[in-house]
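Colleague: One structure is given below, represented as structure tokens, and several questions about it will come after.
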Amino acid sequence: MSDTTTAPATEPTHTWLITLQYPVHNGYAVVTHNGSITAAPGGNRERAYLDIRDWLTEQRPELGRGNVLFFSLEPYRL
């Protein structure tokens, strides 16, 4: 999956991983996506989460109905 960004920069500031469960037919599907973002100055974890959810929903509209099973946002460094 492609990276998402919230502000222009040369390197990402954070990496993320999200697992969603969403309804399909007679049950549920579970998907995990990951990527990196560049946080805007003054940004926060909630804004990053909302930007990631918005980006995923643009890519796959069915994920907009998904429940988050796991979310991780970590600094982009070792």
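Colleague: Express the carbon and sulfur contribution to the solvent-accessible surface of the chain as a percent, rounded to the nearest whole number, probe 1.4 angstrom.
Modeller: That share works out to 50 percent.
Colleague: Calculated from the structure, P(r) over Cα pairs in 10 Å bins from 0, in percent equals which of [x] 17, 47, 33, 4; [y] 15, 32, 17, 16, 15, 5; [z] 18, 51, 24, 6, 1?
Modeller: Here the calculated entry is [z].
Colleague: Still on this structure, I have one more. Just grab the label-to-label distance for Arg77 and Val30, each label 7 Å out from Cα along the Cβ direction, in nm (one decimal).
Modeller: The two pseudo-label positions are separated by 3.3 nm.
Colleague: Okay, moving on. Please report the relative contact order for the stretch 7-78, taking Cα pairs under 8 Å with a sequence separation of at least 6, and give it as a percent rounded to a whole number.
Modeller: The value is 46 percent.
Colleague: Residues of the stretch 25-78: accessible area per residue at 1.4 Å, in Å²?
Modeller: 70
Colleague: Of Leu73, Leu78, Leu20, which has the most accessible area with a 1.4 Å probe, and how do the rest follow in descending order?
Modeller: Descending order: Leu78, Leu73, Leu20.
The values are calculated or read from the model by the stated rules, or taken from the named source; none is laboratory data. All values reported here derive from a predicted model rather than from experimental measurement. Here the Cβ is made from the backbone with ideal geometry for all residues, glycine too, and neighbour counts use every protein chain on show. Protein only, heavy atoms only, side chains kept; ligands, DNA and RNA dropped before computing areas. Shrake-Rupley method; radii C 1.70, N 1.55, O 1.52, S 1.80 Å.
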